[in-house]
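To start, the structure under review is shown below, and the notes come after it.
The values are calculated or read from the model by the stated rules, or taken from the named source; none is laboratory data. This structure is a prediction, so every number in the text was calculated from the model and none was measured. Neighbour counts are summed over all protein chains in view; Cβ atoms, including those assigned to glycine, are modelled from backbone coordinates with ideal geometry. Side chains included, ligands, DNA and RNA excluded: accessible areas come from the protein's heavy atoms. Shrake-Rupley method; radii C 1.70, N 1.55, O 1.52, S 1.80 Å.
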Amino acid sequence: MEQFNFDRRSLIRGAALGAAGALSPGLASSFSLPLQKGRKTKRVVLVAFAGGVRTRETFGTPDNIPNMRQLADEGVLYTNVATANLGHFGATMSIFTGVSEPRGIRENARGQEPTLFEYLRKGLAMPKEDIWVTTTGGAQQVNYSYSLHPEYGPKYGANILDGEGIFNTEFKQLLDTWGMPESMGEGEKALLDQLRKGVGGGPDAVREAERLARVEEYILKELTQGTSDITGTAAGDRKALRLARNLLSLFRPKVVGVVLQNADVAHGSYNAYSEVVRQNDAAIGELVTAIREDEELAESTAVIVMPEFGRDRDLNSRRGLDHGDGSPDLRRVTCLAWGPDFKRGVEIDSEQRTTDVVGTVCELFGTTAPLARGGRLTGLYS
Ligand SMILES: [Zn+2]
């Protein structure tokens, strides 16, 4: 990956600008961003372990999650985290907004409450290339990248990549008009070239457009490296985690949100659900290995794994697990926080909330989340 170092920032900036169809240069470099004095953390990976995961199958069954167990031994484990909204979409949204009952929340629609990504981008003037979300896929999940709040919204949104490696923000809107180059076949490449030539005017604009097209192709190829080989159980989740790993290694953004969801197979099969937990732990292990093996990432990256909610206490008639019984198994989850500034090997059983993550991450970077209603995870710092 050495060839990336010389121009990593401008590559991704080129992609972000190309995505919007705006070819003007000049996004501020994020290297000089103020971070909290005395803190080592410069980047955060926030995994929303969504889909409904009980503590019983995670930290209650350490054999399922050797990687997360090890991270807990080196970090802080919150064993009593109260969940928010009990629908998948609203509950995951709550992790990113810090509001437990979002206003006017509808499936497949953006929320009214600003997201963590908007707070960071607005509060710290972070450029878009520094904030990414990778998702398992599906139309609903694009709604986590920004809200409809009039003072925040799309101009402070995150870049989103889904499990197939498709940019699904402005880049997607642009390409939707012309056809989506899923694997950049020859036909699609020609189409994209055509599209680029249609952007702006004059020979310089064409050259710039061709350059951006190459950059986009290169980025897609690098980012999706290995993801096409992932099939079977939890493939969507594992792809989202692989994308997060590739993003971190290649571009070193400040924040990567990862949205998982495959655990919800539990409605139909307890065994399939347990396997999803095991596969996701392995994929988280792979992500953390990439962090550990990179000196810069190792000393500057925090990882937070937060479920949206748990699952019912008892099996349903299909030998699966639903989510609706109001039991502690459903309403209490376990959150893992690991990073260079955090305590090591500590378990905290005082009550925390899934909505505390937004304030925690904002504080970690030196800003606030004025409209979030959660607090902060307590006892985190060493
Ligand atoms: Zn469900």
Three-way shape call for segment 327-374 based on the alpha-carbon gyration tensor, with the a/c threshold at 1.5: oblate
Taking only Cα atoms of segment 74-137, radius of gyration then Dmax in Å: 13.7, 40
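Where does each of Trp132, Trp338 land when they are ordered by accessible area, with a 1.4 Å probe and the largest first? Spell out each step's value before the answer.
Working: Trp132 5, Trp338 25 Å².
The most accessible residue leads, giving Trp338, Trp132.
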Whole-number D in µm² s⁻¹ for segment 268-363, Kirkwood Cα-pair radius fed into Stokes-Einstein, 10 °C, 1.306 mPa s: 101
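So how much slack lies between Ala82 and Arg331, counting 0.36 nm per residue of separation and subtracting their Cα-Cα distance, in nm? Don't skip to the end; give the middle numbers.
Working: separation 249, 0.36 × 249 = 89.64 nm, distance 0.59 nm.
Once the chain is fully extended between Ala82 and Arg331, it gains 89.1 nm.
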Relative packing of peptides 114-124, 82-92, 226-236 - highest average C-beta neighbours within 10 Å first: 114-124, 82-92, 226-236
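Once fully extended, how much extra length lies between Asp341 and Ala109, figured as 0.36 nm per residue of separation less the alpha-carbon to alpha-carbon distance? Before the final figure, lay out the partial values.
On the way: separation 232, 0.36 × 232 = 83.52 nm, distance 3.59 nm.
Extending this stretch completely gives an extra 79.9 nm.
Rounded to the nearest 0.05, what FRET efficiency do Asp314 and Ser382 have when you use their Cβ-Cβ distance and R0 = 51 Å? Provide the component values of the computation, followed by the final result.
Details: r = 40 Å, r/R0 = 0.78.
The calculated FRET efficiency here is 0.80.
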Principal axis dimensions, largest first and in whole angstrom, of segment 223-382 by Cα: 49, 41, 31
Residues whose placed amide H lies under 5 Å from that of Ile160, excluding near-sequence neighbours: Val133, Asn168, Thr169
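Given the peptides 143-153, 239-249, arrange them by the average over their residues of other C-beta atoms within 10 Å, most packed first.
Numbers: 143-153: 19.5, 239-249: 25.3.
Sorting 143-153, 239-249 by mean packing, highest first, produces 239-249, 143-153.
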Accessible heavy-atom area order of Phe59, Phe251, highest first, probe of 1.4 Å: Phe59, Phe251
